[in-house]
Amino acid sequence: MDGLTLKGVREQRGESQADFANWLNAGVGRSYDRARISRWESGSEKIPGAVAKFVEANSDTVGDKLVPSLRQSLLASSDHLFGKPDRLPARHTACVVLALANQKGGVTKSTSSCNLAFLLSEMGKRVLLIDADPQASSTQSLAINPMQLETEGRSLAHLLLDEDADPARFPTKVCDGAFDLIGCSITLAQAEGQLKFGQTQGDKVLGERLAALKPSYDVIIIDCPPHLGGLTESALIAADQVLIPTICEPMAVLGVPHLIKTIQDVKRRGNPKIEILGILPAIFERRSTIDMQTLGDLQAAFGAHIKVWDPIPKRKDFAKAVQTGKPLFAIVPKSDGVETYRSIARALLAKAPALEATHV
């Protein structure tokens with residue numbers, strides 16, 4: 001058992017290091033203190049075998065017995081990705097653009113996009129959500145009919161393909177007017193093939209369309225498609241910040257280094273201001289050995305370079321909220337995970353200091 005696993009068990013129990021020491025002392029008949037727990041968690045002192053056995057017998061976290069090669073693989077990727085520090089200064093504008101990206105589907109990109117948009121609107125910000133995923137998950141979860149957008153010529157595909165389109169006619173108010181949405185439909189996948197991505201003009205088309213909308217908003221959120229194709233790259237070129245949602249399964253997190261490499265390539269080639277706001281573990285179960293171990297692997301590999309946010313717990317309420325046409329936090333304001341999302345929202349706003357002075 002390593003220090004990260006021990007810390008995970010303590011946090012799972014909701015205890016301070018002193019309280020955790022008391023629990024261990026009662027179980028193994030010793031007199032450990034808070035300082036000893038701290039040394040174990042930091043890795044500066046080896047965890048006694050009796051303690052490891054007691055913890056394993058009284059929790060669902062088994063630690064090092066699961067997926068032993070995952071951490072080594074992620075650490076190797078981290079060393080390769082962050083071998084040289086990035087010295088390019090960040091540049092922020094009055095409107096900050098956040099892209100939520102991951103090449104894997106089912107990792108809560110759309111759920112996170114909608115809930116962040118709502119929480120930012122609650123903070124008094126003017127928010128526009130762009131659904132750039134042809135599956136139209138954000139569009140449908142906010143009770144907008146994708147086919148109606150197509151009929152009206154107001155989908156994201158129309159905005160991207162029609163150079164003469166007026167961007168101001170595309171946003172639709174959602175969630176009782178809390179924020180705006182530019183939705184999409186499955187035809188966006190066809191549009192992706194027509195936009196000549198890979199060429200300079202095609203790569204920058206989304207950013208060019210958003211330029212006319214930025215004066216009307218404090219925050220623009222882009223819900224990216226579940227692949228690293230042209231639409232995702234165009235979103236990254238337009239973005240100031242990137243949030244990487246992921247589930248804590250080995251096959252899912254192994255894709256994270258590839259996305260980070262793509263972001264670094266975009267930063268080097270055409271968008272020097274882009275930064276990674278963090279990695280967001282989601283659909284997380286603390287009683288799952290796999291989830292706990294994989295979270296520890298993510299923190300060990302990337303925590304020194306990228307913020308790994310507190311995990312969002314698995315909840316059926318997130319899926320049920322789709323039936324209401326509103327984000328979960330609009331229905332259940334104190335739902336599990338809301339504080340993590342609020343922290344992400346505050347961190348995003350901190351990247352655009354002009355917003356703090358102008359619209360708070």
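The values are calculated or read from the model by the stated rules, or taken from the named source; none is laboratory data. Note that the structure is predicted; figures quoted are calculated from it, not measured. Cβ: placed from backbone, ideal geometry, glycine included. Neighbour counts: every protein chain shown. Surface areas here come from the heavy atoms of the whole protein model, side chains and all, with no ligands, DNA or RNA. Shrake-Rupley method; radii C 1.70, N 1.55, O 1.52, S 1.80 Å.
Holding the Cα-Cα limit at 31 Å, pick out from Lys214/Lys307; Lys273/Lys320; Lys204/Lys314 the pairs that are longer than that. Please report the intermediate quantities before stating the final value.
Numbers: Lys214/Lys307 27 Å; Lys273/Lys320 37 Å; Lys204/Lys314 36 Å.
As for pairs spanning more than 31 Å Cα to Cα, those are Lys273/Lys320; Lys204/Lys314.
What percentage of the solvent-accessible surface of the range 89-190, computed with a 1.4 Å probe over protein heavy atoms, is contributed by carbon and sulfur atoms? Working shown, then result.
Values: 1880 of 3820 Å².
The nonpolar share, carbon plus sulfur, comes to 49 percent.
Give me the one-decimal nm value for the distance between modelled label points at Gln12 and Met251, 7 Å along each residue's Cα-to-Cβ direction.
2.4
How big is the charge dipole of the chain about its Cα centre, in debye rounded to the nearest 20, if each Lys and Arg gets +1 on its Cβ and each Asp and Glu gets -1 on its Cβ?
Values: 42 positive and 41 negative charges, 167 e Å.
Dipole about the Cα centre, nearest 20: 800 debye.
If you take the charge dipole of the range 136-271 about its Cα centre, with +1 on Lys and Arg Cβ and -1 on Asp and Glu Cβ, which of Cys248, Pro226, Cys175 is farthest toward its positive end?
Cys248
At 1.4 Å probe radius, can you tell me the per residue accessible area of the chain in Å²? Intermediate values should be presented prior to the final figure.
Working: 15930 Å² over 360 residues.
That works out to 44 Å² for each residue.
On full extension of the chain, what length is gained from Ala76 through Ala57, given 0.36 nm per residue of separation minus the C-alpha to C-alpha distance? Mind dumping the intermediate values first?
Details: separation 19, 0.36 × 19 = 6.84 nm, distance 3.17 nm.
Here the segment from Ala76 to Ala57 would lengthen by 3.7 nm.
Please build a GNM for the chain, connecting alpha carbons under 10 Å apart, and tell me which residue among Pro226, Pro245, Pro215 fluctuates the most.
Pro215
Through the Karplus equation 6.51 cos²θ - 1.76 cosθ + 1.60, θ set to phi - 60°, convert the phi angles of the range 166-175 into ³J(HN,Hα) values in whole Hz; use x for Gly and Pro.
These are the phi-based 3J(HN,Hα) values: 8, x, 5, 8, 8, x, 10, 6, 9, 6 Hz.
For the chain, what is the convex hull (Cα atoms) projected area averaged across all directions, in square nanometres?
Values: hull surface 74.5 nm².
Value for the chain: 18.6 nm².
Multiply the residue separation of Ile290 and Lys273 by 0.36 nm, subtract the distance between their alpha-carbon atoms, and state the gained length in nm to one decimal. Kindly include the intermediate steps, with their values, before the conclusion.
Working: separation 17, 0.36 × 17 = 6.12 nm, distance 3.53 nm.
Fully extending the segment from Ile290 to Lys273 adds 2.6 nm.
Find the relative contact order for the range 155-300 and round it to a whole percent, using C-alpha pairs within less than 8 Å whose residues are 6+ positions apart.
On the way: 157 pairs, mean separation 27.3, N = 146.
It rounds to 19 percent for the range 155-300.
Within the range 297-331, whose backbone N sits under 12 Å from a point 7 Å along Cα→Cβ of Arg346?
The answer is none, because no backbone nitrogen lies closer than 12 Å to the label point.
Would you mind telling me which residue in Ala238, Ala99, Ala252 has the biggest mean-square fluctuation in a Gaussian network model of the chain, where springs connect alpha carbons within a distance under 10 angstrom?
Maximum among the listed residues: Ala252.
Build a GNM of the chain with springs between Cα atoms under 10 Å: which of Glu275, Glu339, Glu233 gets the top mean-square fluctuation?
Highest fluctuation among the options: Glu339.
Which of the three applies to the range 97-217, rounded, prolate or oblate, going by the alpha-carbon gyration tensor with a ≥ b ≥ c and a/c under 1.5 meaning rounded?
Values: a/c = 1.41, a/b = 1.30, b/c = 1.09.
Taking the square roots of the gyration eigenvalues as a ≥ b ≥ c, the range 97-217 is rounded.
Return the calculated 222 nm mean residue ellipticity for the chain, to the nearest 500 deg cm²/dmol, obtained by summing -39500 (n - 2.57) across DSSP H runs with n ≥ 4 and dividing by the residue count. Write down the numbers at each step before the final one.
Numbers: 20 runs with 176 residues, N = 360.
My calculation for the chain gives -13500 deg cm²/dmol from helical runs alone.
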